[in-house]
Each structure stands twice: as structure tokens, then as C-alpha cells.
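Let me begin by presenting the structure, written as C-alpha cells, before commenting on it.
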Amino acid sequence: MINDTRLLTPHADRVILLTGFDPFGDAPLNPSWLIAQALHGQRVAGHVVVAAQLPTVFGQALQRLAALVHAQQPAMTLCLGLAGGRGALSIERIGININDARIPDNTGAQPIDTPVAPDGPAAYFASLPIKAMLRAVLRAGVPCEVSQTAGTFVCNHVLYGLMHLLAQGAGPVGARGGFVHVPWLTGQGEPHLPLRDMVRGVHAALWAAVLAPQDITLQAGATH
Ligand code: PCA
């Protein structure tokens, strides 16, 4: 029996893995997963979007992500998460090697000042072209910003863990990864954005990320 999903793909499209999280804390919905679901199956310049949900759980989220990267061999992985209180799509620049949970995760775990990867470096830059993505999202008419911190909860854990996986050679050669935080949905809190705007913005960001292999600023400055 063929159990490798790559062999079942009837076309040569490369995969964009787009993840969202399940609901956590007090919110009954997590817009990050609604956005990922809405874009599942979309074609982006020779790529196809595959949506998957990650649990808002330290450790388990990364185990699931590693399994997905192994099975799907994505050329690009973009993880989405909710950041209630932010008013724009936030393209994260960096993931840091720390778990410091202000609230319990969905299993009740609340790690304080533990490393994501004990053997890993202090931080990784996302390897997606954050400035090109910013421009594209703004041009699509959706509020957007570059963020210098993904926090220290499960989203940072996943961004750091994704970049650590890729640095260790997971996924196809040249695989890239990054993270976008999104505001509350309309009705969930203030500030908020309607789902259709967030979907349009993330779609524009994916196009920009595929079409711009690297930001000029990153080419000049970063090592990874
Ligand atoms: N946001 C949380 C984790 C899951 C999510 O959607 C965060 O910002 O860490």
C-alpha cells in the first residue's frame, strides 16, 4: 500500500504548508486555523497550499509540525497564530530559544524559562522575505507590520522549532519557513479584523514569499 502522500499527489506542484492553531485560553475560535482552512488547496505560482492544525501545546505542536514537514516536504512553511491585542497581521522576524508561558497551554502545562531546544542557538531569523511580504499585504489593503517578537508562548516555540528543524535539514533542500500572528476576529475583541481581510492578506503574503526568494536586507545582513 502506498502510504507516502507525496506519491499520491497527481501533479508536480510544490507544497506550501500553512498551519493554524486550535483555540486556547478564553477564545472559542482561533482565526489562525480559519485562515489556513480557507486557503487550503489554493495554487500559488506552481505551489499548492496544504493546511494543517497544530495543538496549542508545548512539545506536541512541534512533534506534529515535524511529522507534517516529513510527510509533505514543503518548499515553504508558514505558521499562523492568534495574537489578541494586535491590530494588524504581524510578520514575525525572529524566534527565540525560550518557553515562558504566561498562561497554561491546552494540556495545562506552563513552562517557565525553559529552552525550546537545549542544544540550539539563542535565536533564528525566519527565512521568508518579511519586507516583501509586508509590502504585498499592505498593497492588498490589509493592515500589516513586521514584529520583532513572537512572544514566549507556543507560537514562538513553533517558530523557533520550525527554524531549528529546517536548520537540521528537515524538508527539501532550500526549504524556508516563517510565522505570521493575526488579530482577533471581528466579534472576539478589540482590535479586530474580518476573516476575509485576514485571508486576503495571508494569500498576498504567500505570493510575495514564493516570488521573492529573499529580502535584500537579509541577503546583506543575516547568516541563516
Ligand atoms: N497563539 C498563541 C499560541 C496559539 C495561538 O494561536 C501564541 O501567540 O503563542
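Worth a mention:
- Which numbered condition Ser90 misses (of (1) of a type in the set (Ser, Thr, Tyr); (2) away from the ligand (no atom under 12 Å from the Cβ); (3) not in a loop (DSSP other than H, G, I, E, B)): (2)
- Of all residues in the stretch 23-43, those satisfying the criterion of being closer than 16 Å to His181 by Cβ and either surrounded by fewer than 20 Cβ atoms within 10 Å (Cβ to Cβ) or within 10 Å of the ligand (Cβ to nearest atom) (or both) are Pro23, Phe24, Gly25, Ala27, Leu29, Asn30, Pro31, Ser32, Trp33, Leu34.
- Flag for Gly178 being at pLDDT 95 or above, part of a helix (DSSP H, G or I), within 16 Å of the ligand (Cβ to nearest atom) and surrounded by 15 or more Cβ atoms within 10 Å (Cβ to Cβ): no
- Candidates in the stretch 138-158 are the residues that are buried (at least 24 other Cβ atoms within 10 Å of the Cβ) and of a type in the set (A, V, I, L, M); of these, the one that is nearest to the ligand (Cβ to nearest atom) is Val154.
- Any hit, the stretch 63-70, residues being modelled with pLDDT of 95 or more, surrounded by 19 or more Cβ atoms within 10 Å (Cβ to Cβ), among the small types (Gly, Ala, Ser) and closer than 25 Å to Ala51 by Cβ: no
- The residues of the stretch 54-87 that are assigned to a helix (DSSP H, G or I), away from the ligand (no atom under 16 Å from the Cβ) and over 15 Å from the mean Cα position of the chain (by Cα), listed by number, are Ala67, His70, Ala71, Gln72.
- When the stretch 133-157 is filtered for residues that are touching a Gly at 6+ places or on another chain (Cβ under 7 Å) and either at positive phi or of a type in the set (A, V, I, L, M, F, W, C) (or both), the ones remaining, listed by number, are Val137, Ala140, Val142, Cys144, Ala150, Cys155.
The values are calculated or read from the model by the stated rules, or taken from the named source; none is laboratory data. All of these numbers come straight from a predicted model, not from anything done at the bench. Using ideal geometry, Cβ is built from the backbone for each residue, glycine included, and neighbour counts are taken over all protein chains shown.
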